[in-house]
Amino acid sequence: MPQGTRFGVVVGVDIGTTSTKTVAYDTGGRQLATQSVGYPLDGPQPGYAEQDPQLILDAVLESIRAVVAELTEPVDALSFGSAMHSLIGLDAAGSPLTPSVTWADARATRQAERLRAVPSGLALHRRTGTPMHPMSPLPKLLWFAEQEPKLFERVAHWVGIKDWVLLRLCDALVTDHSVASATGLMDIHRLEWDSEALTIAGITEEQLPQLVSTTTVLPGITPQAAAATGLPQRTPVVVGAGDGPLANLGLGAVQPGMVACTIGTSGAMRVMVERPGVDPLGGVFCYALTEDRWVVGGAINNGGIVLRWAGEALAPDLGERSEEELVALAARAPVGSGGLIMLPYLHSERAPHWSALPRGAYVGLTHSHRREHLIRAALEGVCQQLALVLNSVRAAGNEVREIRAGGGFARSGLWRQMLADVLGLPVSFPAGPEGSGFGAALLGMQALGMIPSIDVATDLARIEETVRPDAAAAATYASLLPLFAELYDALAPTFFSMRRLAPGLPTEHFPASPPT
């Protein structure tokens, strides 16, 4: 680089499910500063998963302020990403009337099932790219209309969490094509709000933010946001995209045939395509990154959260932050967990069945199994569910040439090897875990003309390790995958019965009265 010139700096802000991660990168792909600020995911009733929008806004401001304070170079722009499928009702002044109802919220299960059961449901899926599932804002809107009609009538605008943060930071009510493509309300082929979906939801186009491209640049931030972040008011803000497509970008999986696998709290498999479209059976989603880059794939509800559950339920003696000890325990069990299979549906499930019905289960449990088998089976179940999603991506007619993986799970050597063995394919791991944050920064760089195109991501996401499957382990998992897959259908009647019985079952433990 010529003396006297500098790399540009873009700060990527990734608004996630459990924390906001803000990371500064230069145009050479180097990470300069990072900060993560967490917040709770509340479940006030069974099936609910919601958050306080103000806490998330506070986390965004705090994380940006910390990163800016650490930098020695000026910031050229902010660029945003966020978890998809969130829904917030605002009043006319822009203040929240509802919590942020997240992708993990299942209260709209019956509304989603009704939409799936009619022929127009699949047609809507193909047109909007979003499966009929309670994660989607479309059935959530139906739930509010039916269960909270007075509140529903008071809502002036329905937005996602990133839309609301941008409203507070930039005083602009906009939503990008990427986040909108995950609402079930936008026609992905026309890039317009879908009139039939709006009619079903009982809302008007005026109640939704303005649709803009993911590379739209807002000219600056409000005086209040400038004071809270330490940035100049004139700092450009790139609207950005959803965290799923941005993870593909951050992992460098931007060419057709390149699959990005991410396992954080949840998990996903996504392949980049150049034109939007959903397979005839509706087994995959289709979400936007830019006008000529889309991702096709499926998400699972249960990723790293399964390991967290295993620690709490099976190994509480290890204490908090026991991931390494849990993985070490799992490593003591054999490949295939001694014939023990776990369906890891602790928070219901999404792809490839797109049903909120299933629940977790251990199958094949014997007296010889110990907690190391149960923990390993839980990790294997997450990887096997991702293998089913990858099969659906292939079944939709997509080539799979390369797999790149990231997320918190990638820190574990056991999980890295297990993923390659279950998929039966080499898996490459780029250096650095911040896939979506890096993706947001790269998208911002393209929007400002700081890089020629997002294609540079393939080289900037430097491969740290490529893990190849062990032949014997891959053969074992290949023999178990059909059993794992058929358990969903075999247990579906039981899941129905359990849901029917659930309202009448005790939710708290009442100790027995002492003997008299």
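Of the residues L41, A66, G28, the one whose Cα sits farthest toward the positive end of the charge dipole of the range 26-70, with +1 on the Cβ of Lys and Arg and -1 on the Cβ of Asp and Glu, is G28.
Stretching E324 away from S453 to a fully extended chain increases their span by 42.6 nm, per 0.36 nm per residue minus the current alpha-carbon distance. The slack between S213 and T199, meaning 0.36 nm per residue of separation minus the straight C-alpha distance, is 2.6 nm. Think of the chain as having a plus end and a minus end, set by charges on the Cβ of Lys, Arg, Asp and Glu; of S392, A299, G184, S392 sits farthest toward the positive end of this dipole. Ligands, DNA and RNA left out, the accessible area of the range 384-516 computed with a 1.4 Å probe is 57% carbon and sulfur.
Here the contact order of the chain, divided by its residue count and restricted to Cα pairs under 8 Å and six or more residues apart, works out to 15 percent. The charge dipole of the range 172-328, taken about its Cα centre with unit charges on the Cβ atoms of Lys, Arg (+1), Asp and Glu (-1) only, comes to about 360 debye. Put simply, the amide H of F80, placed in the peptide plane, has neighbours under 5 Å in V13, V238, G240, A241, leaving out anything fewer than 5 places away on its chain. All other residues whose Cβ lies under 14 angstrom from that of L346 are scored, Lys and Arg at +1 and Asp and Glu at -1, for a net of +1. Rg ratio for the range 1-95: its Cα radius of gyration over 2.2 N^0.38 Å, N being its residue count, equals 1.33. Tell me, what is the FRET efficiency for D58 and A485 to the nearest 0.05, using R0 = 45 angstrom and their Cβ-Cβ distance as r? For R0 = 45 Å, the calculated efficiency reads 0.55.
Simple spin-label estimate for F496 and T366 gives 3.3 nm between the two label positions (7 Å along the Cα-to-Cβ direction from each Cα). For the range 73-224, a crude dipole built from +1 on the beta carbon of Lys and Arg and -1 on the beta carbon of Asp and Glu, taken about the Cα centre, is about 540 debye to the nearest 20. Placing +1 on the Cβ of every Lys and Arg and -1 on the Cβ of every Asp and Glu, with no other charges, gives the chain a dipole of roughly 740 debye about its Cα centre. Computed from the C-beta positions of A92 and E508, the FRET efficiency with R₀ = 51 Å rounds to 0.80.
Using the alpha-carbon centroid of each, what span in Å lies between the range 122-168 and the range 15-41? Distance between centres, Cα-based: 27 Å.
Of the complete DSSP H runs in the chain, those spanning 30 angstrom or more by Cα along the long axis with a mean Kyte-Doolittle score not below 0.5 are 471-501. Using alpha carbon centroids, what distance separates the range 476-499 and the range 227-288, in Å? Each part reduced to its Cα centre gives a spacing of 30 Å. The Cβ shell under 10 Å around A49 holds other residues with a net charge of -2, Lys and Arg each +1, Asp and Glu each -1. Provide the FRET efficiency to the nearest 0.05 for the A471-L414 pair, computing r from the beta carbons and using R0 = 22 Å. FRET efficiency, A471 to L414: 0.80.
Across the range 384-490, the mean sequence separation of Cα contacts (distance under 8 Å, 6 or more residues apart), normalised by length, yields a relative contact order of 32 percent. With a 1.4 Å probe rolled over the protein heavy atoms of all chains, the accessible area of S453, S195, S63 falls in the order S195, S453, S63, largest first. Beta bridges per DSSP, both residues in the chain: antiparallel share near 70 percent. With K and R counted +1 and D and E -1, the other residues having a Cβ less than 10 Å from that of I300 yield a net charge of 0. Could you state how much accessible area Y287 has, in square angstrom rounded to the nearest 10, with a 1.4 Å probe and all protein chains kept in place? About 10 Å², ignoring ligands and nucleic acids. When you restrict to C-alpha pairs under 8 Å that are six or more residues apart and normalise by the size of the range 264-407, the relative contact order lands at 29 percent.
The values are calculated or read from the model by the stated rules, or taken from the named source; none is laboratory data. Please read these numbers as outputs of a predicted model, since none were measured by experiment. Heads up, the Cβs are rebuilt from the backbone with ideal geometry, glycines too, and the neighbour counts pull from every protein chain shown. Just so you know, the surface numbers come from the protein's heavy atoms only, side chains and all, with ligands and any DNA or RNA stripped out. Shrake-Rupley method; radii C 1.70, N 1.55, O 1.52, S 1.80 Å.
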